[in-house]
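Below is one structure, written out as structure tokens, with a few remarks after it.
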Amino acid sequence: MRKVYIYKGFERFWHWTQASLIMFLALTGFEVHGAFEIFGFEKAVQFHRVASWMLIGLIVFAIFWHITTGEWKQYIPTTKKLKEQVFYYLFGIFKGEKHPTTKTELSKLNPLQRMVYLSFKLILIPMTVVSGIFYLLYKTIDQNNLVVVEEYPLEDIAFWHTLGAILLIVFLIVHVYMTTTGDTPTSNIKAMLTGYEDLEDTPIENESPKNIQ
Ligand code: HEM
């Protein structure tokens, strides 16, 4: 095993800030929805709007970071060892079997994680954010006295936004469970906090970006 600096400073900042904002948006959003009362409706709306602008800002920086560092390549989907990975999570893990894939700096995500995180980035987050922006601008009058968004029924916008919110909560629950399936139950969380993780020694040729695991 060797200690590897796997999660860079910005990556950890972005990960935990995004997680906190999503949890806060879920809390305030479902209060707006009428599921419970914590801050009061008016304050919940206000907090939800401020946090949503913060999330949009964070996403802009995260897109820039993924492109400029080349980290976006970590999310290129692959079917290689995908079946083995699914079977591992369904059965192997409960029998104490070894992980079917090896984690390296150049291939941090297993094939299932690549697929799930890519869908998160390209479908779930855009669906929630775009419907949220439509919600935000609905019937807003701009400087030219034009209504910004009105051609879509508000019920449709609310439907997609609420569906996105529910799926994000499901993702969060499954994600937290999955983080406990590393070498030890806390090794993945510690790595995302400190940046460092103990990884198996792998032959150099295994670290080629082409050898996606
Ligand atoms: C950039 C992202 C987001 C934007 C721009 C946004 C915007 C909005 C807006 C404008 C509303 C209507 C209430 C109001 O006028 O403030 C709303 C409602 C809501 N938001 Fe968001 N939101 C975002 C992200 C999220 C996230 C990440 C979640 C949950 C994980 C969430 C959950 C909800 C829920 C549950 C409602 C109530 C929907 C309803 O009952 O119709 N939002 N959002």
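The values are calculated or read from the model by the stated rules, or taken from the named source; none is laboratory data. This structure is a prediction, so every number in the text was calculated from the model and none was measured. Here the Cβ is made from the backbone with ideal geometry for all residues, glycine too, and neighbour counts use every protein chain on show. Accessible surface is based on the protein model in full, side chains and every heavy atom, while ligands, DNA and RNA are left aside. Shrake-Rupley method; radii C 1.70, N 1.55, O 1.52, S 1.80 Å.
Figures for the structure shown
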{"item": "Residue ranges of helices (runs of 4 or more DSSP H) in the stretch 1-101 with at least 2 members closer than 16 Å to L168 by Cβ", "result": "9-33, 41-69"}
{"item": "Matching residues, the stretch 124-162, being away from the ligand (no atom under 14 Å from the Cβ), of a type outside the set (D, E, K, R) and closer than 23 Å to V50 by Cα", "result": "I141, Q143, V147"}
{"item": "Among the candidates I76, I22, residue that is surrounded by 15 or more Cβ atoms within 10 Å (Cβ to Cβ) and hydrophobic (A, V, I, L, M, F, W, C)", "result": "I22"}
{"item": "Condition check for L122: loosely packed, with under 13 Cβ neighbours inside 10 Å and modelled with pLDDT of 95 or more", "result": "yes"}
{"item": "Filter result for I173 (assigned to a helix (DSSP H, G or I), surrounded by 11 or more Cβ atoms within 10 Å (Cβ to Cβ) and modelled with pLDDT of 95 or more)", "result": "no"}
{"item": "Condition met for G40 (open to solvent by less than 40 Å² (accessible area, probe 1.4 Å), out of contact with any helix residue (DSSP H, G or I) (no Cβ under 7 Å at 6 or more places or on another chain) and more than 30 Å from L106 (Cβ to Cβ))", "result": "yes"}
{"item": "Set K43, K108: member being among the basic types (K, R) and more than 16 Å from the ligand (Cβ to nearest atom)", "result": "K108"}
